Amino acid sequence: SQKIEQNSEALNIQEGKTATLTCNYTNYSPAYLQWYRQDPGRGPVFLLLIRENEKEKRKERLKVTFDTTLKQSLFHITASQPADSATYLCAPLVSGTYKYIFGTGTRLKVLA
Amino acid sequence: DAGVIQSPRHEVTEMGQEVTLRCKPISGHNSLFWYRQTMMRGLELLIYFNNNVPIDDSGMPEDRFSAKMPNASFSTLKIQPSEPRDSAVYFCASSLAAGELFFGEGSRLTVL
């Protein structure tokens, strides 16, 4: 069955450093992959979408890579700030559908 | 636009009672999704609609769950009868085709 793995343990980093979060998927060949941010008590908020023919996508301090051979996406936040503290979710698209399946998320804490 | 609107925000009910959750998607979006989020299982897709038609309900836990979308601006998720294990946050999201998902703030359900 389709499976998505994200680091279940929280990631603590120092302010100003680059945070790198990993998303691995199996039994999947997604055409798109999205990343979301979720704050406590709120719904997820879209950050970035990357297509299978794109190796990398950037938006301000955010960068996403998509390696279809490794079946992995990496999400980077450069010059991290305490305000970046949240849970980050990856969501590959099931091919041929509009269905996005979410990983369990990685909780990031940026320490001042 | 006001975004995706869900109601109620909080619901506390007793086992065996019927629960109805409501969602108003963003105007113009043609896909609507119901997700359930728990600590143990993360964000699970229950069902999604495209152009008001249910496309995939394979995530609906059992016959106690049902969802409808009578028109493009309204959807309901009903649980009858409810059980304590249904306690979770239920999110509704809408999108245009396979684009980014816009989530509501969620309905937190507690079944005693």
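When you filter the trypsin sites (Lys or Arg not before Pro) in segment B:1-82 for DSSP loop state and at most 14 other Cβ atoms inside 10 Å of their Cβ, you are left with B:9, B:41. Ranking of B:29, A:76 by neighbouring Cβ atoms within 10 Å, starting from the fewest: A:76, B:29.
Take the Cα pairs of segment B:1-70, get the Kirkwood Rh, then feed it into Stokes-Einstein at 37 °C and 0.692 mPa s and tell me D in µm²/s. Intermediate values should be presented prior to the final figure.
Working: Rh = 13.6 Å.
In µm²/s, the coefficient rounds to 241.
Projected onto planes of every orientation and averaged, the convex hull of the alpha-carbon atoms in segment A:66-112 covers 4.3 nm². Once the Kirkwood radius over Cα pairs is known for chain A, the Stokes-Einstein relation at 20 °C and 1.002 mPa s delivers a diffusion coefficient of 153 µm²/s. Note on segment A:14-71: Rg/Rh from C-alpha atoms, Kirkwood Rh, equals 0.99.
Summing Cβ point charges (Lys, Arg +1; Asp, Glu -1) relative to the Cα centre of segment B:7-96 gives a dipole of roughly 320 debye.
Legend: residue pairs A:3/A:63; A:59/B:24; A:63/B:24; A:59/A:109; A:99/B:24, Cα-Cα distance threshold 25 Å; pairs beyond threshold, A:59/B:24; A:63/B:24.
Rounded to the nearest 0.05, what FRET efficiency do residue A:31 and residue B:14 give with R0 = 35 Å and r taken as the Cβ-Cβ distance? Could you check? Spell out each step's value before the answer.
Details: r = 44 Å, r/R0 = 1.27.
With R0 = 35 Å, the Cβ-Cβ based efficiency is 0.20.
Once every Cα of the protein assembly as shown carries one equal point scatterer and solvent is ignored, give the base-10 log of I(q)/I(0) from the Debye formula at q = 0.10 Å⁻¹, two decimals. Log-scaled intensity ratios, in q order: -0.45. Residue by residue along B:68-81, Cβ atoms of other protein chains within 10 Å of the local Cβ number 0 on average.
The numbers here are math on the coordinates, done by the rules we state, and not lab data. Quantities reported herein were computed from a predicted structural model and do not represent experimental measurements. No Cβ is skipped: glycine too gets one built from the backbone with ideal geometry, and neighbour counts run over all protein chains shown.
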